[in-house]
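Right, one structure below, let's go through it.
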Amino acid sequence: MAPDTVSLRYFLVLAQELNFTRAAARIGIAQPALSARMRRLESQLGTPLLVRNTRSVELTAAGAALAEAAPPALAALDRAWDTARSAAAGEVGTLRIGYSLSAGAETVPALVDRLMHGTSGLEVGAVPMATPEITPAVADGRLDAGITRGEQPGRGVRRYLLRRLRVGGSSWRSTIRWPNTRRSRSPTRRRTR
């Protein structure tokens, strides 16, 4: 069984403090719990990491090697977890947007700019298309989102109002189309494929 990351993090605090009482206080656990966790860690690794006596703690050669190698490994693991969370939140991947020139000429550049600056791991591609092609492309997955003017017919997509313009006596709407899924997703977030 591989050691857990919590035990490894506790070990690193102990390696810095070289004192169980101070390390336990810094971590926020009881000293006997820290001692038990360190014994379990040594057992899992199959080697002593610490030389203990009544007054001090010293690192063995294995303990010193672990104290040196563990921080970059934990940092890499933290980055991997952050990447996984970002991907789950739709902040990593590619977002493909189709737009009609009549509706998207002003809306799309601002939207793409906001998406690109708000989510560093998201790549956004915007493609001008004929209005009748957009909803079917979103419905069948060729696009992740589409921006059109007015109510375009189509099944398998959700519509979100982006803006409403009044021109003369009539009202124009720019809407974004989003695939109809069981889970509701924000139009600015997308899962990685």
Exercise for review: Give me the distance in nm between label points sitting 7 Å out from Cα along the Cα-to-Cβ direction at E58 and R22, one decimal.
Suggested key: 1.7 nm
Check your understanding: Length gain on complete extension for the stretch A89 to Y160, per 0.36 nm per residue less the alpha carbon to alpha carbon distance?
Key -> 23.6 nm
Study note, to complete from the structure: Two pseudo-spin positions, 7 Å from Cα along C-beta at V51 and at D78, lie apart in nanometres by 3.1 nm
Practice item. Place the peptides 33-39, 138-144 in order of packing, highest mean first, counting for every residue the other Cβ atoms within 10 Å and averaging per peptide. Key: 138-144, 33-39
Check your understanding: If you roll a 1.4 Å probe over segment 44-102 with all protein chains in place, what percent of the accessible area is carbon or sulfur?
Key -> 60 percent
Point to revise | segment 1-151, dipole about Cα centre (Lys/Arg Cβ +1, Asp/Glu Cβ -1), debye to the nearest 20 | key: 920 debye
Check your understanding: How much length, in nm to one decimal, is gained on full extension between R39 and V6, taken as 0.36 nm per residue of separation minus their Cα-Cα distance?
Key -> 10.5 nm
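The values are calculated or read from the model by the stated rules, or taken from the named source; none is laboratory data. Bear in mind the structure is a predicted one, so any value in this text is a computation, not a measurement. In this analysis, Cβ positions are derived from the backbone assuming ideal geometry, glycine residues included, and neighbour counts consider all displayed protein chains. Surface accessibility is based on the protein's heavy atoms, side chains included, excluding ligands, DNA and RNA. Shrake-Rupley method; radii C 1.70, N 1.55, O 1.52, S 1.80 Å.
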